[in-house]
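*Asks:* After the structure tokens below, expect a handful of questions from me.
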Amino acid sequence: MRNLEPGTLKLSERLTRDPALNGAAAARAKVETVDAGNQQDFLELKSRLHRMLIERMDLTKLNLLTPQQTQAEVARLGKELLADEDLPLSNLERERLIEEVRHELFGFGPLETLLADPTVSDILVNSPYKIYIERGGKLERVGVTFNDNDHVMRVIERIVSLVGRRIDESSPMVDARLPDGSRVNAVIPPVALDGPALSIRRFGTEPLRMHKLIEIGALTAEVAEMLRMCVRARMNILISGGTGAGKTTMLNALSAYIPEDERIITIEDSAELLLQQPHVLRMETRPRNIENRGEITQRDLVKNALRMRPDRIVVGEVRGEEAIDMLQAMNTGHDGSLTTIHANTPRDALTRIATMIQMAGLRLSAGAINEQIASAVNLVIQVARLSDGTRRVTSVSEIVGIKRKEIVMQELIRYERRGVDENGRVIGSFRTAEVRPKLAERLEVCGLKLPPTLFGD
């Protein structure tokens, strides 16, 4: 270890004399944050401590330590440096300062505190000083800030490097995944006009199970029981909804009903599914490399999955040409498949699948495409995020067949909204069809019987 150079200014003196504290930096200190007026001073203090630690650390020795030993050494050095300074900081402030510097050195900087909060589902960095999170289905601005655009860029580059990707002017957009499974999207200039931006979609280590969805009112116990039977009866199920509506959550919950003695193959763009069965093979797409080669698409993976003796194929989200391969798999003995799709209604979901099939370049008429869809898909579950941030199953529809080359659907379950209460909470209830669903016959063949209170005779 080497000491600080003789005659080096104390940290407090550096901050006082540093010109960065006036002008634009002073204006940024007025940004509304948790720490109000002291936030900018704290950022400057952290930046200086960071630099002094880098100067003092023996990097060759640190390379020989374990990550835990390295972080402990950084904490020790940080406490030594702060002890040498005459700064009016409480013990809590000193601990926080050292912790944030450790985040800068080994983690994702200011984002670490947000990533450690299990109640945060989305982190949205619009600029260094405007960071929003989603908690409980609602967006809110937080007091966490970056120093400047370069600081945001360093964190983005650290994230991107973890997955062997690059981001620069020639490739200004990138998708990546954090070690905890969170999905990351980053854009930088010239695409992002106001500086680098970052979006992180987080996923819990333990997925919500159906009993929890029932508890929070996403659906009723009777509806959940019907869906359990449909999965056990190997029906092909499509989960439809908008961004953040809870499609993946519902897919995870339904997948728990798949018997443990079946071989399940999952295919995703970004691994989000958390299946609990013992016999699961997970596959993930791969983007082009720096030489613009090596891309592996979902269509490639679906085709390959058919050669791997699957009992069930679960596609995280169907969004392109793989739709035709997925339907063909459903129609050729690989029933019981599950997938999701971006669409606002069950009818829109089927229309989107038809469009995806046309994108595959197959010379099929609209009627032939509809026949493929009608014979493959059994059930469409629509999920939505409501105005109060809650997520609900808003519709469950079965595919009855095809008539005059058009797909015939029958809605079995509907969530009817009646308004909002004084707290802004959506008021509504689930209503069921007064007719016996066609799927009841298939369930009975499998030895399953719908709850008697669910549908009318």
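*Asks:* Check off (1) more than 14 Å from Leu238 (Cβ to Cβ); (2) free of Cβ contacts under 8 Å to residues at least 40 places away in the same chain; (3) open to solvent by less than 80 Å² (accessible area, probe 1.4 Å) for Thr390 and give me the number that stays unchecked.
*Replies:* (2)
*Asks:* Of everything in region 434-453, what is part of a helix (DSSP H, G or I) and surrounded by 14 or more Cβ atoms within 10 Å (Cβ to Cβ)? Give them in sequence order.
*Replies:* The answer is Leu439, Ala440, Arg442, Leu443.
*Asks:* Please pick out the residue among Glu80, Glu104, Glu95 that is touching a His at 6+ places or on another chain (Cβ under 7 Å), more than 26 Å from Gly244 (Cα to Cα) and modelled with pLDDT under 85. Talk me through it step by step, then tell me what you get.
*Replies:* Working: Glu80 fails: touching a His at 6+ places or on another chain (Cβ under 7 Å); Glu95 fails: touching a His at 6+ places or on another chain (Cβ under 7 Å).
When all the criteria are applied, what remains is Glu104.
*Asks:* So, in region 177-191, exactly how many residues are touching a residue at least 24 places away in the same chain (Cβ under 8 Å), assigned to a loop (DSSP other than H, G, I, E, B) and open to solvent by 60 Å² or more (accessible area, probe 1.4 Å)?
*Replies:* Our first condition is that a residue be touching a residue at least 24 places away in the same chain (Cβ under 8 Å); within region 177-191, this holds for 177-178, 180-184, 186, 188.
In the following step, the residues that additionally are assigned to a loop (DSSP other than H, G, I, E, B) were identified as 178, 180-182, 188.
Filter again for open to solvent by 60 Å² or more (accessible area, probe 1.4 Å), leaving 180.
Of the residues in region 177-191, 1 are touching a residue at least 24 places away in the same chain (Cβ under 8 Å), assigned to a loop (DSSP other than H, G, I, E, B) and open to solvent by 60 Å² or more (accessible area, probe 1.4 Å).
*Asks:* Picking from Asp150, Asp194, which residue would you name as being of a type outside the set (A, V, I, L, M, F, W, C), open to solvent by 40 Å² or more (accessible area, probe 1.4 Å), more than 30 Å from Ala384 (Cβ to Cβ) and not in a helix (DSSP H, G or I)?
*Replies:* Answer to the selection: Asp194.
*Asks:* Let me ask you something else. Across region 404-433, what is the total count of residues that are of a type in the set (S, T, N, Q) and surrounded by fewer than 14 Cβ atoms within 10 Å (Cβ to Cβ)?
*Replies:* Qualifying residue count for the region: 2.
*Asks:* Let me ask something else. Considering only residues of region 258-290 that are within 20 Å of Leu306 (Cα to Cα) and among the basic types (Lys, Arg), which is most open to solvent (accessible area, probe 1.4 Å)?
*Replies:* Arg282
*Asks:* Can you list residue pairs whose Cβ atoms sit under 7 Å apart, with the first residue in region 415-434 being free of Cβ contacts under 8 Å to residues at least 12 places away in the same chain and at negative phi and the second being in a strand (DSSP E or B) and open to solvent by less than 70 Å² (accessible area, probe 1.4 Å)? Count only pairs 6 or more apart in sequence or on different chains.
*Replies:* Arg418/Ile427; Arg418/Gly428; Asp421/Ile427; Ile427/Gly419
*Asks:* Among the residues of region 158-176 satisfying the criterion of being open to solvent by 60 Å² or more (accessible area, probe 1.4 Å) and farther than 24 Å from Glu272 by Cβ, which is modelled with the lowest pLDDT?
*Replies:* Among those that are open to solvent by 60 Å² or more (accessible area, probe 1.4 Å) and farther than 24 Å from Glu272 by Cβ, it is Ser170.
*Asks:* May I pose another question? Which members of region 204-219 meet the condition of being in contact with a Ser or Thr (Cβ under 9 Å, 6 or more places away or on another chain) and under 19 Å from Ser429 (Cβ atoms)? Before you say what the answer is, go through the steps one by one.
*Replies:* Filtering region 204-219 for residues in contact with a Ser or Thr (Cβ under 9 Å, 6 or more places away or on another chain) gives 204, 207-208, 213-214, 216-218.
Leu213, Ile214, Ile216, Gly217, Ala218 - these are the residues of region 204-219 that are in contact with a Ser or Thr (Cβ under 9 Å, 6 or more places away or on another chain) and under 19 Å from Ser429 (Cβ atoms).
Condition check ((1) of a type in the set (A, V, I, L, M, F, W, C); (2) under 23 Å from Lys247 (Cβ atoms)) across all residues:
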position: Ala116; (1), (2): yes, no
position: Tyr129; (1), (2): no, no
position: Leu139; (1), (2): yes, yes
position: Met153; (1), (2): yes, no
position: Val163; (1), (2): yes, no
position: Asp168; (1), (2): no, no
position: Asp175; (1), (2): no, yes
position: Ser182; (1), (2): no, yes
position: Ser199; (1), (2): no, yes
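The values are calculated or read from the model by the stated rules, or taken from the named source; none is laboratory data. This one's a predicted model, so the numbers in the text were calculated from it and none came from an experiment. FYI the Cβ positions are ideal-geometry reconstructions off the backbone, even for glycines, and counts take in every protein chain you see. Quick note on the areas: whole protein, heavy atoms, side chains included, nothing else; ligands and nucleic acids left out. Shrake-Rupley method; radii C 1.70, N 1.55, O 1.52, S 1.80 Å.
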